[in-house]
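Report on one structure; see the data block that follows.
Throughout, read-outs are computed from the coordinates displayed, never taken from laboratory work. A quick note: this is a predicted structure, and the numbers were derived from the prediction, not measured. Here the Cβ is made from the backbone with ideal geometry for all residues, glycine too, and neighbour counts use every protein chain on show.
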Amino acid sequence: MRIGTGYDSHRFAEGRKLIIGGIEIPYEKGLTGHSDADVLCHAITDALIGALGQGDIGTHFPDTDPKWKNAVSIELLKSIVELAKMKGYAVVWIDSTIITERPKLAPHIEGMKAAIAQTGIPAELINIKAKTDEGMGFIGRGEGIAVHAVCLLEKTTP
């Protein structure tokens, strides 16, 4: 068994779609980033990469490389799930916490799980929680979103 942790945060920006967990969330702002800035997929991807001992998301998908400009983050996550399988690991559990004051995300959690399941992680192995920062810090001021994620991998092949 291996465990990995992931974290990501992005600032809000005008004129961008808000993509979280592979789905578009209706909101007046999106998140800034080199890719689609899917903060949840980035944190889960980083957790998987960490559990594999393969560096971090920037190692695999550097924001200095133009080929990752406007990348669809759920596709990046899918490629890391495939890497885990090639290395003989299966995802046993994903637990994540999205921290934002707005928008309210509870109505979208099942849609996020279904979208993430398309990467090869069964929906029943994904937990997503949405919390606020009670008005404190950059999140509390409505400047951005942060996500923490933890994954557990199990060796499936010797």
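Key figures for this structure:
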| quantity | calculated |
| --- | --- |
| Filtered residue count, region 1-26, keeping only those that are loosely packed, with under 15 Cβ neighbours inside 10 Å, over 19 Å from Ala47 (Cα atoms) and not acidic (Asp, Glu) | 5 |
| Every residue from region 49-95 that is of a type in the set (D, E, K, R) and either touching a residue at least 12 places away in the same chain (Cβ under 8 Å) or closer than 19 Å to Val147 by Cβ (or both) | Asp56, Asp63, Lys69, Glu75, Lys78, Glu82, Lys85, Lys87, Asp95 |
| Residue under evaluation Phe138, criteria (1) among the aromatic types (Phe, Trp, Tyr); (2) farther than 24 Å from Pro158 by Cβ; (3) surrounded by 15 or more Cβ atoms within 10 Å (Cβ to Cβ), criterion not met | (3) |
| Search result, residues across region 110-138 that are part of a helix (DSSP H, G or I) and either within 20 Å of Leu76 (Cα to Cα) or of a type in the set (Gly, Ala, Ser) (or both) | Gly111, Met112, Lys113, Ala114, Ala115, Ile116, Ala117, Ala123, Leu125, Gly137 |
| Exclusive hit being outside any loop (DSSP other than H, G, I, E, B), within 10 Å of the chain's Cα centre (by Cα) and not acidic (Asp, Glu), set Ile44, Ile80 | Ile44 |
